[in-house]
Amino acid sequence: MSYERAPRATNASDTMERAELEQQLQAFHAASFAWALACCDRDRSDAEDVLQTVYVKVLDGKARYAGRAAFRTWLFAVIRKTAATQRRFQRLRFWPRSNGNGASVEEELIHGERAAALLRGLKRLARRQREVLELVFYHDMTIEQAGETLGISLGSARVHYERGKKRLSMLLAEETR
């Protein structure tokens, strides 16, 4: 996936394009942040930094949506590549998120244990398998969209998806023994 440099806004139609771009970014903000968290091993601070960098790239025209894929697919690819670049410069920490959904203490503990087991299992998967599964299950992408986001072929995405599901199932079964 390559970035195309966008020209600076100079007239009303360019401003409208920027407004539409801002609207798209706002519409996908929650999902983008969740994907940034996944790309940053659940480190909230790193995910915020990555997302801020992505928004600056997009709004300054350093990363330009060319319409070859769905906007969300393109945006998630920019987030993944930005997170990978950031990873080269710092050591990442794992920071689990709390549920905070208003459930009873007992339900919260059960959900927390299951979520923690799932996160431990995901963390043990190969990187590509983990990324494909997170995009498909947490971000409602098709396997094809996940492949486009990750810059891999559909066939490769399918293999990572199937192997990841099988391995995650085995890992979760081991934890319940």
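For region 122-161, the fraction of C-alpha pairs more than 16 angstrom apart is 18%.
Summarising the label geometry, the points placed 7 Å from Cα in the beta-carbon direction at L119 and M170 lie 2.5 nm from one another. What is the calculated FRET efficiency for Q24 to S45, with r their C-beta to C-beta distance and R₀ = 25 Å, to the nearest 0.05? So the FRET efficiency works out to roughly 0.50. Neighbour counts of other Cβ atoms within 10 Å put W35, W74 in the fewest-to-most order W74, W35. If Lys and Arg each add +1 and Asp and Glu each add -1, what is the summed charge of the other residues whose beta carbon sits under 11 Å from the beta carbon of G147? Every neighbour counted, the sum reads -1.
Treating only the Cβ atoms of Lys and Arg (+1) and Asp and Glu (-1) as charged, compute the dipole magnitude of region 12-89 about its Cα centre; round to the nearest 20 debye.
Roughly 380 debye for region 12-89.
Direction-averaged shadow area of the convex hull around the Cα atoms of region 12-89, nm²?
Mean projected area for region 12-89: 5.0 nm², to one decimal.
Across region 105-176, Cα-Cα pairs more than 21 Å apart make up 30 percent of the total.
Values in this text are rule-based calculations from the coordinates and carry no lab data. The shown structure was predicted, so the numbers you read here are calculated from the model rather than taken from an experiment. We place every Cβ from the backbone using ideal geometry, glycine too, and count neighbours over all the protein chains shown.
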